[in-house]
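To keep things clear, I will list the structure first and then write my remarks on it.
Derivation of every value follows stated rules applied to the coordinates shown; laboratory data play no part. The model shown is predicted, which means the values in this text are computed figures rather than measured ones. Here Cβ is always computed from backbone atoms with ideal geometry, including for glycine, and neighbour counts include all displayed protein chains.
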Amino acid sequence: MSDVRQLAHRLRQVLLDTRADWERMPFFVRPMVKIGFLRRTGRDLDGWLRLTDDLAAGRGHGPRLVDDLAGLAESYRTAPERASRFMRDGARLEMVRARSRDREDVVRLLLGALKDA
C-alpha cells in the first residue's frame, strides 16, 4: 500500500502541474480543455485531487477507479495530438510530448500498484 500512497502523491503533483499548464492557456481555451478532461477521465481536476488525497491517506477507492485511471492515462497519452492542432512551435510541442509521457507513466504506475495491492 505504501507504493500506492507514494504514487498518489506523485499523481497529485502531476495534476497540480496540469492545472498550472491550464492557467498559462488563453482564457477562452480553458473551459474547453476542462470539459474535455472531465469527459475523457470521468472526473474534473478537483475530483482527481480529492481522490489522490484519499489514496495517499490510505482510504479506499470506488469500483470505477481503475477505469477512470485508464481514462486519465489515455488523456495524457493523447494530449500532444490535441495540442498539435493549436500549437505550431515544434520545440514547445516536443515539451508537451515529454511532459505527457511522464504524466502518463505516473498514472500507469499507480494503476499497476493498485492491481498489485
Give me the pairs: first residue in segment 1-28 and more than 20 Å from Pro80 (Cα to Cα) and touching a residue at least 60 places away in the same chain (Cβ under 8 Å), second residue outside any helix (DSSP H, G or I) and among the aliphatic types (A, V, I, L, M), beta-carbon distance under 7 Å, and six or more apart or on different chains, which are they? Met1/Ala117; Val4/Ala117
Does segment 52-110 hold any residues that are exposed (fewer than 12 other Cβ atoms within 10 Å of the Cβ) and within 17 Å of Gly36 (Cβ to Cβ), and which are they? Glu81, Arg85, Phe86
